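So the structure is just underneath, and the comments pick up after that.
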Amino acid sequence: MAKRDFIFIDEAGDPGEETPYFIQGLLHITDESLKKINVHLGAFRYFGNVDKELKSTKLNGLQKQKLLAVLKCAVVESGFVAATSVFVSKENYVGRYIKEAPGLPPKDATRFRHFMIRRLLEFHFKNNKVQSDTVEIIFDRIHPGEEKERYLKNYLRKLGALSLLPNFLHIIQVDSRYVELLQLTDWIAGAVKEKYFTHPERDFNDFFDYVKVKQIYD
């Protein structure tokens, strides 16, 4: 049995008005699947001569295929790897925090980001269960200030106390440059961006057989 669950979350787009989309991506692994992924990522870097970040925008088509193979192998060998994404097309979104409208709260990029994180986690845990008694959630560094970081932690812990989400032992922000699993999560969010917004003509092979995706409208 796994001893710890790790939830990695990264995003694509802007929670304000700079992009027409906002995407949250999630990668869920355990301490057992982490061992398998690390082995395959090491081989991917060594044999592919890859020394850059595994960011979606920095990978070519062949490298993305090989990363998908890493994901597939980890699923088969470890028994548990899950990936999820939710996204908003702001043109079609009628919910809170994006637009000023009667009956809605005022625009607030921070609250919108946190709301989307909640929707992502709710959707993910509707389809997947925690594999251990200890769950840790790791974000790419989305909040530079301590006040917003504390607000995010309090928000998630409140949802856990209400049994709407798991109770997270640790809620951490880190720089994805030194955390490969966050880079992998960026690749997931980036693929959703390409499929639904920027490059729908591209061949994603069977990538979306391994990633559950939901569009949020409200």
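FYI, it's all coordinate maths here, none of it is from the lab. Bear in mind the structure is a predicted one, so any value in this text is a computation, not a measurement. Using ideal geometry, Cβ is built from the backbone for each residue, glycine included, and neighbour counts are taken over all protein chains shown.
Here the relative contact order of region 5-215, from alpha carbon pairs under 8 Å that lie six or more residues apart, stands at 33 percent. For V86, the amide hydrogen comes within under 5 Å of the amide hydrogens of Q24, K214, counting only partners 5 or more places away or on other chains and with H modelled in the peptide plane. Taking θ as phi - 60° and the Karplus parameters 6.51, -1.76 and 1.60, the scalar couplings of region 102-112 work out to x, x, 10, x, x, 4, 7, 5, 5, 5, 5 Hz in sequence order, x denoting glycine and proline. Please work out whether region 9-122 counts as rounded, prolate or oblate from its C-alpha gyration tensor, where a ≥ b ≥ c are the square roots of the eigenvalues and a/c under 1.5 means rounded, while otherwise a/b larger than b/c means prolate and anything else oblate? Verdict is prolate for region 9-122. When the convex hull of its Cα atoms is viewed from all sides, the chain shows a mean projected area of 12.2 nm². Computed about the Cα centre, the dipole magnitude for region 5-215 is approximately 320 debye when only Lys and Arg (+1) and Asp and Glu (-1) carry charge, each at its Cβ. A Förster radius of 35 Å combined with the Cβ-Cβ distance from V50 to L104 puts the calculated FRET efficiency at roughly 0.20. Protection proxy ranking for 210-216, 103-109, 156-162, using the average of other Cβ atoms within 10 Å per residue and placing the highest first: 210-216, 156-162, 103-109. With the simple spin-label model, which puts each label point 7 Å out from Cα in the Cβ direction, the S163 to K35 separation comes to 3.4 nm. With the simple model of a label 7 Å out from the Cα in the direction of the Cβ, K214 to K148 spans 2.5 nm. Each peptide in 143-152, 115-124 receives the mean, over its residues, of other Cβ atoms within 10 Å, and ordering these scores from highest gives 115-124, 143-152.
Shown in residue order for region 157-168 are the 3J(HN,Hα) couplings computed by the Karplus curve 6.51 cos²θ - 1.76 cosθ + 1.60 at θ = phi - 60°: 5, 5, 5, x, 5, 8, 6, 7, 9, x, 7, 8 Hz (x for Gly and Pro). Helix content alone sets the calculated 222 nm mean residue ellipticity of the chain: runs of n ≥ 4 DSSP H residues at -39500 (n - 2.57) each, divided across all residues, give -13000 deg cm²/dmol.
The distance between label points at E77 and M1 comes to 2.5 nm (points 7 Å beyond Cα on the Cα→Cβ vector). Among Y178, Y155, sorting on how many other beta-carbon atoms sit within 10 Å of each Cβ, with the fewest leading, yields Y178, Y155. Taking θ = phi - 60°, what integer Hz values does the Karplus form 6.51 cos²θ - 1.76 cosθ + 1.60 yield along region 67-73, in sequence order, with x for Gly and Pro? Calculated HN-Hα couplings, in order: 5, 4, 5, 4, 4, 4, 4 Hz.
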